[in-house]
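Visitor: The structure's right below; bear with me while I get my questions together.
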Amino acid sequence: MLQLNVLELLASRGITNPQRYLVKQGIPYYTVSRLVTNKSRNISFDALEQICLVCKCTPDDLFVWWLMKKQ
């Protein structure tokens, strides 16, 4: 399963309140809320680019891949 890793990325950079930080950087509250609660099922390229610019990272840094076993 592919999952966004925004909270861990910001925590590793010393950001203690990621939601407030991202909103102050101009990312819409709704988008930030969905990202930090991991309830986002999709993300636009514009939002992805904006987050990468704010976090000074690449899209590769924002995602983590979890392998799940078939049952």
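The values are calculated or read from the model by the stated rules, or taken from the named source; none is laboratory data. Everything quoted here is computed from the prediction, not taken from an experiment. Don't worry about glycine lacking a Cβ; one is built from the backbone with ideal geometry, like all the others, and counts go over all protein chains shown.
Visitor: Of all the residues that make up the range 17-39, how many are of a type in the set (Gly, Ala, Ser) and in a helix (DSSP H, G or I)?
Guide: The qualifying residues number 1.
Visitor: Starting from residues that are in a loop (DSSP other than H, G, I, E, B) and surrounded by 10 or more Cβ atoms within 10 Å (Cβ to Cβ), keep the ones in the range 40-57 and report whichever is modelled with the highest pLDDT. Steps first, answer last, please.
Guide: First, pick out the residues of the range 40-57 that are in a loop (DSSP other than H, G, I, E, B): 40-44, 56-57.
Next, only the ones that are surrounded by 10 or more Cβ atoms within 10 Å (Cβ to Cβ) stay: 40, 43, 57.
Numbers: 40: 76, 43: 85, 57: 92.
Ranking the candidates gives 57 first.
Visitor: Here's another thing I want to ask about it. What number of residues in the range 1-16 are under 15 Å from residue 53 (Cα atoms) and either touching a residue at least 60 places away in the same chain (Cβ under 8 Å) or part of a helix (DSSP H, G or I) (or both)?
Guide: 3
Visitor: Look at the range 14-56 and say how many of its residues are within 22 Å of residue 66 (Cβ to Cβ) and among the β-branched types (Val, Ile, Thr).
Guide: 4
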